[in-house]
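Data first, discussion second: the structure below is written as structure tokens.
The values are calculated or read from the model by the stated rules, or taken from the named source; none is laboratory data. Fair warning: this is a prediction, and the values are worked out from it, not measured in the lab. Because the Cβ atoms are built from the backbone with ideal geometry, glycine has one as well, and the counts that use them run over all protein chains shown.
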Amino acid sequence: MTKPFVIVYDFDGTLAPGNMQEYDFIPALGVDVPSFWQQAGELAKQQEADQILAYMQLMVHEAQYKRVQIRKADFEKFGAKIRFFEGVEDWFERINAYGKARGIEVQHFIVSSGLREMIAGTPIAKYFTKIYASGFMYDHHDVAIWPALAVNYTTKTQYLFRISKGSLEVYDNSKINKYVPPEERPVPFTNMVFIGDGETDIPSMRLLKDYGGHSIAVYNPQTHQACHVNHLLDEGRVNLVAPANYRQDSNIDQCIKILINRMSNKG
């Protein structure tokens, strides 16, 4: 049986412009976006903390101070307001159908420093086999009280190994550190593609490319030019640089279909 073809996506700047917190959550706090991220950066520096944990703690603190509700359902409502790059909303069904017609099962995963709760509230959440992203713990009223998971830089690579080895639950470490020969893995790295846009994606991009998979660096065609990420191509960290456009016959669309065709031809 042919093993799945897996596409792993970052979220912010990859599937949607900007950071997901900037659409409705930060405005609900009554602060401007640059000020929020500046405060998060200063907090991380003062406390010698991970920047992801710092922004998550600041979200909880500011929400409590400004009386903004932060139940899991509230985060999902904020996520429902996220806007996507062109072609994203029909991308998954289109690519799944293309793969199916060639005998290939396509699976989609998220590996993001953003919030899993917000991603879960988007209309595309149903297409992902698993969403790996930063998330909160909740009290008995379902109110966010503490970070449960922070996904950042090299920690992103952990989830590529989880996908490859079939150890999908973040709390289960029984398989993740065991050696599994590539040919015995449910999804070898050669069957995987990573699509991302930022510095936090570089370790994952390089990992897949070095192990026979493929990596694509995208940029917002409305705010950046290719030179924004061209250095990743020059440095051998990615296979392709493309605008974040997922419409039919776009660069990304053509690239993914070529990879599916190759896999189908191998039988």
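Taking the range 185-267 as the region of interest, the strands (runs of 3 or more DSSP E) fully inside it that hold 2 or more residues being β-branched (Val, Ile, Thr) and touching a residue at least 60 places away in the same chain (Cβ under 8 Å) are 192-196. The set of residues in the range 134-156 that are polar (S, T, N, Q) and over 30 Å from Asp197 (Cβ atoms) is empty. Counting only residues that are loosely packed, with under 15 Cβ neighbours inside 10 Å and either touching a Lys or Arg at 6+ places or on another chain (Cβ under 8 Å) or modelled with pLDDT of 90 or more (or both), the range 212-246 holds 2 of them.
Every listed requirement among (1) surrounded by 23 or more Cβ atoms within 10 Å (Cβ to Cβ); (2) under 22 Å from Lys257 (Cβ atoms); (3) charged (D, E, K, R) is met by Lys209 save one, (1).
When the residues of the range 173-197 are filtered to those that are in contact with a strand residue (DSSP E or B) (Cβ under 8 Å, 6 or more places away or on another chain) and of a type outside the set (Asp, Glu), the one that is farthest from Thr223 (Cα to Cα) is Val187.
Considering the range 120-150 alone, what residues qualify as being surrounded by fewer than 20 Cβ atoms within 10 Å (Cβ to Cβ), under 15 Å from the mean Cα position of the chain (by Cα), assigned to a strand (DSSP E or B) and hydrophobic (A, V, I, L, M, F, W, C)? Leu149 - this is the single residue of the range 120-150 that is surrounded by fewer than 20 Cβ atoms within 10 Å (Cβ to Cβ), under 15 Å from the mean Cα position of the chain (by Cα), assigned to a strand (DSSP E or B) and hydrophobic (A, V, I, L, M, F, W, C).
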